[in-house]
Amino acid sequence: MSTFTGSSNPAGAGPGTTTDGKNGTRNGTMNATTTTTTTNTSTSADTESVGTWRPRLSGMTWLVWRQHRAAFWTILAATALSVAWMVYQRGQMTDFLDSHGYPAKNIDDIGEQFRPYIDSFRSATLGLSVIPILLGVFLGAPLLAGDLENGTAKLVAAQSMSRTRWLVTKLGLAGLVVVVSTTALSAVFGWWWSPVKSEATVLEWFSGPAFDNTGPVPVGLTLLSVFGGVAIGVVLRRTLMAMVVTFGFTVAVQILWGQFRLSFGDVITVNTHKGVGETSFPSIPDGAYQPDQWYLTGSGDLVGWGICAEPTEAARNACLEKADVVGWSVEYIPTSQMNSMQWFGASVLFALTAAVVAFLVVWGRKRLV
Amino acid sequence: MSDGMYAGEPALEAYGLGMRYRRGWALKDCSFRLPTGRICGLVGPNGAGKTTLLSIAAHVLEPTQGSVSLFGETPGSAESGRRTAFLAQEKPLFRRFTVAETLRLGRELNPGWDQRAAEDIVRAGNVPFDAKISTLSGGQRTRVALALAFGKRPDLLLLDEPMSDLDPVVRHEIMGTLLAEAAEHGTTVLMSTHVLAELENVCDYLVVVSGGGVRLAGDVDELMSVHTLVTGAKEGDGPPAALGQHTLVESRTSGRQFTALVRPQGPVTGPWETDSPTMEELLLAYLRSPEAPPLITPTAQVQGQGLDGSFGTGAVAA
């Protein structure tokens with residue numbers, strides 16, 4: 001038995017069979033343990049899985065799933081509940097809108113009765129917005145910091161599999177759970193929002209609650225927060241401290257993202273030369289985001305549109321004349337850009353996440369325990 | 001007596017191993033060789049670098065200087081990873097796992113896993129398989145951790161203070177299990193401890209580290225045979241000048257008597273009583289006198305190490 005081969009479990013069958021016979025008279029627990037050795041595929045019949053269904057896992061995947069199963073199941077169950085709730089809410093909302101003749105009838109005319117639906121929308125966006133912070137703090141930070149603090153990293157490193165494999169499996173499974181959860185939430189929330197997407201009174205597409213909770217953005221934000229938390233955990237090697245620092249990190253990510261969210265768009269500028277009278281404002285698409293607007297002068301310069309805030313019409317006109325204002329210059333980002341902006345922004349988040357993962361893998365080769 | 005040992009494949013060889021932490025060197029210029037099939041005690045005072053040495057061999061730490069080879073492989077390699085098992089001092093286990101799940105961990109992560117060997121060790125301690133690790137006593141946890149290490153069927157078992165938190169009865173019992181398993185499978189064991197009594201009937205090989213370096217290394221019988229304990233009447237302050245031709249390891253005086261541990265370079269003659277030391281006396285002498293010349297017997301020397309002449313050929317014959 002001193003020769004070792006690379007196959008999956010060469011010694012398993014031999015001793016397993018002999019033990020099985022000897023074990024027949026012993027208690028059921030041990031018997032079940034041995035059974036799995038004998039038939040390596042019947043993992044689901046193992047002692048610890050009796051009564052509950054779970055996917056058939058083996059090797060490192062089994063270990064990582066077993067270690068973090070409480071967290072993983074909590075995330076998946078909470079996701080399922082949230083999805084069910086949002087599907088229900090969407091049904092309620094579309095029923096209401098149908099009965100009030102929307103979209104033929106303007107949503108503002110439906111009035112106060114629609115208010116509760118907007119409120120549940122707002123509370124949903126609030127809940128979705130804290131997911132990156134929650135998962136970063138409670139899933140990311142302890143993911144490796146716990147093993148480093150308890151010494152179980154040494155235990156795993158002492159087994160035959162490489163620690164890079166352990167690291168990659170941990171990141172992979174945690175990442176998979178995060179992606180599944182956030183993708184489902186993002187898709188269902190987007191579906192819930194779609195009937196009233198054009199209504200600025202419900203949500204403006206360029207606001208954080210809409211932009212950050214639909215499409216690929218929540219996936220990117222959550223992945224960066226979680227893997228950032230993992231990296232903080234491996235550097236600090238203390239679970240509690242890592243959680244506190246990760247909280248700060250994830251909040252900082254949210255704030256920075258809020259600053260840069262709209263810089264992923266292509267700003268379109270329209271210039272008019274029909275003066276700046278009451279009906280002269282250029283027509284821009286409904287729901288477009290307007291970063292800024294100016295007065296355009298004859299020489300092509302832009303001046304602030306507040307320069308001629310005079311008390312009388314005559315004084316205002318004289319002022320405009322004097323400044324040689326010939327029309328408007330308006331910047332906007334149309335709603336149609338939302339999707340591409342989200343993907344552009346999310347790809348930046350994914351790239352940052354990849355950098356964090358690269359750091360973790362390099363660090364893991366050097367000192368993981 | 002030592003011909004066969006030279007031929008033996010080394011389980012572990014350390015070449016000029018050094019490890020520096022922020023507070024200084026924990027291990028410096030540490031070289032020795034451990035032949036296969038030996039039960040080796042790694043002895044030294046607290047902070048001597050025992051844990052560091054074992055951690056480097058287990059690929060938990062990277063040495064600052066030098067290198068270790070396990071069966072000719074570097075510690076990080078897949079081959080040495082399979083052939084070596086390491087039990088860290090704190091005996092880390094997943095607290096929420098059951099005993100059966102802990103053994104499954106070993107099975108899932110080790111291709112050469114021996115479920116029966118692991119189960120037998122657990123069963124011998126009457127540890128219930130469905131108990132959570134967090135509910136076990138210290139002795140039971142050590143037993144499960146040992147089962148995990150042995151189930152891997154290692155050729156080299158690295159144990160860091162395996163018995164430190166156990167009561168004497170459990171300690172004796174687990175040591176018995178360990179020796180039986182090691183003997184059955186021909187496992188090489190490198191076990192650190194500072195309980196000298198633990199070593200007496202267990203180890204057939206010794207490595208003493210102190211002050212960061214190797215003070216003593218070699219076969220127990222060989223080490224014992226080249227040392228003599230000399231007792232006699234005190235003359236003046238230090239040990240008698242007539243002992244000067246021998247290598248003095250340590251001398252102490254109590255009342256009108258002196259006791260000296262020497263490595264004789266020829267017959268010890270004089271008005272003294274000579275005796276062979278016990279292992280504990282030998283170890284204590286070396287641990288108490290860090291300035292004593294180190295002794296590394298030929299079986300424990302790595303290539304190119306014998307040049308310092310610390311082991312006279314005449315002494316081997318004795």
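In peptide B:123-134, how many Cβ atoms from other protein chains are near each Cβ within 10 Å, on average?
2
Report the extension gain between A:Ala309 and A:Thr94 in nm, rounded to one decimal, defined as 0.36 nm multiplied by the number of residues separating them, less their alpha carbon distance.
The A:Ala309-A:Thr94 span can extend by a further 72.9 nm.
Can you tell me what percent of all Cα-Cα pairs in the protein assembly as shown are more than 48 Å apart?
40 percent
Per DSSP H run of n ≥ 4, the term is -39500 (n - 2.57); total these for the protein assembly as shown, divide by its residue number, and report the mean residue ellipticity at 222 nm rounded to 500 deg cm²/dmol.
Calculated at 222 nm, the ellipticity per residue is -14500 deg cm²/dmol.
For each of B:Cys30, B:Cys203, count neighbouring Cβ atoms within 10 Å of the residue's Cβ, then give the residues from fewest to most.
Going from sparsest to densest Cβ surroundings: B:Cys203, B:Cys30.
In debye, nearest 20: dipole of the stretch A:268-332 around its Cα centre with unit charges on the Cβ of K, R (+) and D, E (-)?
Dipole of the stretch A:268-332, to the nearest 20 debye: 80 debye.
What's the exposure ranking of A:Thr353, A:Thr279, B:Thr36, going from fewest to most Cβ atoms within 10 Å?
Ordered by Cβ neighbours within 10 Å, fewest first: A:Thr279, B:Thr36, A:Thr353.
Find out how many positive minus negative residues lie around A:Asn213, taking Lys and Arg as positive, Asp and Glu as negative, among other residues whose Cβ is under 14 Å from that of A:Asn213.
Here the count lands on +1.
What is chain B's relative contact order, in percent, from Cα pairs under 8 angstrom and six or more apart in sequence?
Reported relative contact order: 20 percent.
Excluding B:Thr135 itself, calculate the net charge of residues whose Cβ lies under 12 Å from the Cβ of B:Thr135, where each Lys or Arg counts +1 and each Asp or Glu counts -1.
+3
Which whole-number percentage describes the relative contact order of the stretch B:203-284, with Cα contacts under 8 Å and a sequence gap of 6 or more?
So the answer I get is 31 percent.
What is the mean number of Cβ atoms from other protein chains located within 10 Å of the Cβ atom of each residue in peptide B:79-90, rounded to a whole number?
4
Under a Cβ-Cβ cut-off of 11 Å, what is the net charge of the residues other than B:Leu248 that fall near it, where Lys and Arg count +1 and Asp and Glu count -1?
Neighbour charge sum, excluding B:Leu248 itself: -1.
Sorted by mean Cβ packing within 10 Å, highest first, what order do the peptides B:79-85, B:288-294 take?
B:79-85, B:288-294
May I ask you to sort B:Arg116, B:Arg33, B:Arg252 by Cβ crowding, counting other Cβ atoms within 10 Å and putting the fewest first?
B:Arg252, B:Arg116, B:Arg33
Would you mind checking the tilt of helix B:138-151 against the longest principal axis of the Cα atoms of chain B, expressed as 0 to 90 degrees and rounded to 10?
Between helix and principal axis, roughly 80 degrees.
Return the single residue from B:Ala300, B:Ala124, B:Ala285 with maximal mean-square fluctuation; model: Gaussian network over chain B, springs between Cα atoms under 10 Å.
Among B:Ala300, B:Ala124, B:Ala285, the largest GNM mean-square fluctuation belongs to B:Ala124.
Relative contact order (percent) for the stretch A:268-332, with alpha-carbon contacts under 8 angstrom and 6 or more residues of separation?
Relative contact order here is 54 percent.
Of B:Thr278, B:Thr299, B:Thr188, which has the largest mean-square fluctuation in a 10 Å C-alpha GNM of chain B?
Checking each option, the largest mean-square fluctuation is seen for B:Thr278.
Rounded to the nearest 0.05, what FRET efficiency do A:Ala70 and A:Ser120 have when you use their Cβ-Cβ distance and R0 = 25 Å?
Efficiency for this residue pair is about 0.25.
Could you work out the mean count of beta carbons from other protein chains within 10 Å of each residue's beta carbon in B:93-102?
5
Cα centroids of the stretch B:203-269 and the stretch A:287-343: how far apart, whole angstrom?
If you average the Cα positions of each part, the centres end up 98 Å apart.
Only the coordinates and a few stated rules stand behind these numbers; no lab work does. Bear in mind the structure is a predicted one, so any value in this text is a computation, not a measurement. Here the Cβ is made from the backbone with ideal geometry for all residues, glycine too, and neighbour counts use every protein chain on show.
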